[in-house]
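The values are calculated or read from the model by the stated rules, or taken from the named source; none is laboratory data. Note that this is a predicted model, so its numbers are computed, not measured. Note that we place each Cβ from the backbone using ideal geometry, even for glycine, and neighbour counts take in every protein chain shown.
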């Protein structure tokens, strides 16, 4: 049984519209091989530019911590470990910034009190104070800290230097202050300073 003429015309018009729509889609969104290659090239350049921009920021990883209510950080490549400071032994005839010595897995490590060295407010030691062990091939010692805050990526180029609050002894061991108002310590300078060498075998 054949379809009525009216239905046949309706189907013919529908097919025609579908064909027109398909052609418009091809014309509007389809790309010739040369155009596609050019678009991919431009996109690759854009991604490469983004990577170059990130590299230009000179990002490096730091471990941030608090001390006397202030926010500090130091390059994670200088950090050997972080331990609870449960006990330490005072060491006589040493500078005031030397808190004492501790036994770390059979190694005797000196503990420096940055509160004294940097002339920060000094309160009582907390039961939850921590020891941040810094290490280089030539030297090892611990820093007294209040608590670890985490690991982050910061821009070396974004550090501010020459600020009024970075004067005095503290300025000798600082890289600068980040946009988050975090004072970033120079781990290499700390570990390379012979004045901070307390134990002869460090």
What's the number of the only condition in (1) farther than 17 Å from residue 78 by Cβ; (2) under 27 Å from the mean Cα position of the chain (by Cα); (3) buried (at least 19 other Cβ atoms within 10 Å of the Cβ) that residue 157 fails to meet? (3)
Given the residues 117, 174, which is the only one that is within 22 Å of residue 83 (Cα to Cα) and at pLDDT below 90? 117
Run down 146, 113 and say which single residue is free of Cβ contacts under 8 Å to residues at least 40 places away in the same chain, touching a strand residue (DSSP E or B) at 6+ places or on another chain (Cβ under 9 Å) and closer than 20 Å to residue 184 by Cβ. 113
Kindly provide the set of residues from segment 68-84 that are surrounded by 14 or more Cβ atoms within 10 Å (Cβ to Cβ), modelled with pLDDT of 90 or more and over 16 Å from the mean Cα position of the chain (by Cα), ordered by number. 80, 82, 83
Could you grab me the full set of residues in segment 159-171 that are modelled with pLDDT under 85, farther than 18 Å from residue 117 by Cβ and not in a strand (DSSP E or B)? 161, 162, 163, 164
Residue list for segment 93-108, restricted to those being touching a residue at least 60 places away in the same chain (Cβ under 8 Å) and either crowded, with 16+ Cβ neighbours inside 10 Å or on the phi > 0 side of the Ramachandran plot (or both): 98, 101
Scanning segment 123-139 for residues that are farther than 19 Å from residue 102 by Cβ and modelled with pLDDT under 80 gives 123
Only one residue in 90, 137 is surrounded by fewer than 16 Cβ atoms within 10 Å (Cβ to Cβ), over 17 Å from residue 65 (Cβ atoms), in contact with a strand residue (DSSP E or B) (Cβ under 6 Å, 6 or more places away or on another chain) and in the same structural domain as residue 191 (by TED's automatic domain parsing), so which one is that? 90
